[in-house]
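Nothing in this text is a laboratory measurement; each read-out follows from the coordinates by a stated rule. Quick caveat, the model's predicted, so the values are computed rather than measured. Positions of Cβ are generated from backbone atoms using ideal geometry, with glycine treated the same way; all protein chains shown enter the neighbour counts.
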Amino acid sequence: MRKPLLAGNWKMNMTIPQAQDLARAILAGFRGDTGREVLLCPPAVCLSPVHRILGQSGIMLGAQTLHHEASGAYTGEVSLEMLRSAGCTHVIIGHSERRAIFGESDSLVARKMRAVLSGRMVPLLCVGETLAERKAGQAEEVVARQVSAACAGVGTSDALVSVIAYEPVWAIGTGETATPEQADDMHAHIRRVLGGLYGEQVADSVRILYGGSVNEKNVDELMKKPNIDGALVGGASLKAESFARIINYK
C-alpha cells in the first residue's frame, strides 16, 4: 500500500512571522498519523522558524528547490546540507515555475534529482504538460520525457524512495483542474513509464501526487482514484482551514 502524502507548496509568500502563524494554525487542524503523511514547503528563509514550530508533530518539512552543487560561488543559492540543517527531509525538484520562469532544463532537473538522492533526502519530482502540448496530443510524450530524463542515472533503490507530482501546467494557479479521470489516466501512464525503466515493483510502489489547483472541494474525488497517492497543493495550502480539510480528506 502506498501511504498518501499531502504537501503544501507555499511558494514566494509570507514573512517569517506569518509563516509561523500559518504553521501553528495547520498544526491545530492536524489529527496526527491517520494513515497519511503531511509535508510543508515554506520559502527558504522560513524553513528553520517553521521547523521549530512543527517540532515532533509528525508534519515534515521540505524545500522548494536547491542547487545541485554541495557548495561554492553560487550567490543566492542554497545547498542540500543547508536545507538539512534547517530541518528539511524533502526537496521539490523541477516545479513547472522553475522550468518556465527560471529556465530549468530536463538535464538540470536530473542533476538536482541526483543531488537530493545522494544526500539521502527525498526528491519530489514535478512533471507536467502545458495547454499547448495537451492540445497537440503530446501530453503523454512530454511527461514520459520528463520522468525518463530526471531518472537518468538513478538506481532502483533511489527510485523507490522518490515521489513524483503530476502537475498539468494549465491547471496551476488558474482555478482549472484536470478531472479526476484525466489525472488518474496520466498517473497510470507515469506508472507505465516507471515500469519500463525499473520494473513492476517500482511502478507499483512510487507515490504519485496530483498538483493542479487542488482544494478542499475537489480533494475527496481526486483521492478516490487508484493511481492518485496524494496532492501537491499551492494556493489552498496558504489557508489553514482549507489545508486542514485537504489533509483530513475523506
Near-label residues of region 188-217 by backbone N, under 15 Å of a point 7 Å along Cα→Cβ of V161: 206-207
At R0 = 41 Å, FRET efficiency that the Cβ-Cβ distance of E181 and Y74 yields, to 0.05: 0.45
Against the rule of thumb 2.2 N^0.38 Å, how large the Cα Rg of region 135-245 comes out: 1.08
Over the chain, equivalent-ellipsoid semi-axes from the Cα gyration tensor in Å: 25, 22, 17
Among 203-209, 121-127, the order from most to least packed when residues are scored by Cβ within 10 Å on average: 121-127, 203-209
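Relative contact order for the chain: what is it in percent, counting Cα pairs under 8 Å that are at least 6 residues apart? Can you show the working numbers first?
Values: 462 pairs, mean separation 53.4, N = 250.
It comes to 21 percent, rounded to a whole number.
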Signed unit charges on C-beta, dipole axis of the chain, positive-most listed residue P4, A19, H67: A19
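Expected output is a single nm value to one decimal: the length gained when fully extending between K3 and S57, i.e. 0.36 nm times separation in residues minus the C-alpha distance. What is it?
Details: separation 54, 0.36 × 54 = 19.44 nm, distance 1.77 nm.
Full-extension gain reported as 17.7 nm.
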27 Å Cα-Cα reach of K250 towards lysines, excluding residues that sit fewer than 8 places from it in its own chain: K3, K11, K217, K224, K225, K239
Calculated FRET efficiency for the pair T89/S148, C-beta based, R₀ 22 Å, to 0.05: 0.30
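Mind pulling up the Rg/Rh value for region 90-180? Radius of gyration and Kirkwood radius, both on Cα. Don't skip to the end; give the middle numbers.
On the way: Rg = 13.2 Å, Rh = 13.5 Å.
A ratio of 0.98.
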Residues T130, T179, sorted so that the one with the fewest Cβ neighbours within 10 Å comes first: T179, T130
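What is the local net charge at D204, summed over the other residues whose Cβ is closer than 10 Å to its Cβ (Lys, Arg +1; Asp, Glu -1)? Show your work: numbers first, answer last.
Details: positive: R2, R191; negative: E200.
Residues near D204 contribute +1 overall.
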Whole-Hz ³J(HN,Hα) from phi, Karplus 6.51 cos²θ - 1.76 cosθ + 1.60, for region 8-25, glycine and proline x: x, 9, 7, 6, 8, 9, 6, 7, 4, x, 5, 5, 5, 5, 5, 4, 4, 5
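Could you rank the peptides 9-22, 154-167 by their average count of other C-beta atoms within 10 Å per residue, with the highest value first? Write out the running numbers ahead of the final one.
Numbers: 9-22: 16.9, 154-167: 19.2.
Listed from highest to lowest mean packing, they are 154-167, 9-22.
So if each residue of separation counts as 0.36 nm, and I subtract the Cα-Cα distance between K217 and Q138, what length gain in nm does that give?
Values: separation 79, 0.36 × 79 = 28.44 nm, distance 2.91 nm.
The K217-Q138 span can extend by a further 25.5 nm.
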Length gained when the stretch E241-A100 is fully extended (0.36 nm per residue, less Cα-Cα span): 47.7 nm
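Using Cβ counts within 10 Å as a stand-in for footprinting exposure, how do F30, F102, F243 rank, fewest first? Before the final figure, lay out the partial values.
Working: F30 18, F102 10, F243 26.
Ascending number of Cβ neighbours within 10 Å: F102, F30, F243.
Dividing the Cα radius of gyration by the Kirkwood radius, what Rg/Rh value follows for region 7-113? Intermediate results must be reported in sequence, preceding the final value.
Values: Rg = 14.4 Å, Rh = 14.6 Å.
Taking Rg over the Kirkwood Rh, I get 0.98.
Hey, with R₀ at 41 Å, roughly what FRET efficiency would I16 and S107 work out to, going by the Cβ-Cβ distance, to 0.05? Don't skip to the end; give the middle numbers.
Values: r = 34 Å, r/R0 = 0.84.
It comes out at approximately 0.75.
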Those trypsin sites (Lys or Arg not before Pro) in region 17-60 that DSSP places in a loop and that have at most 11 other beta carbons within 10 Å: R31
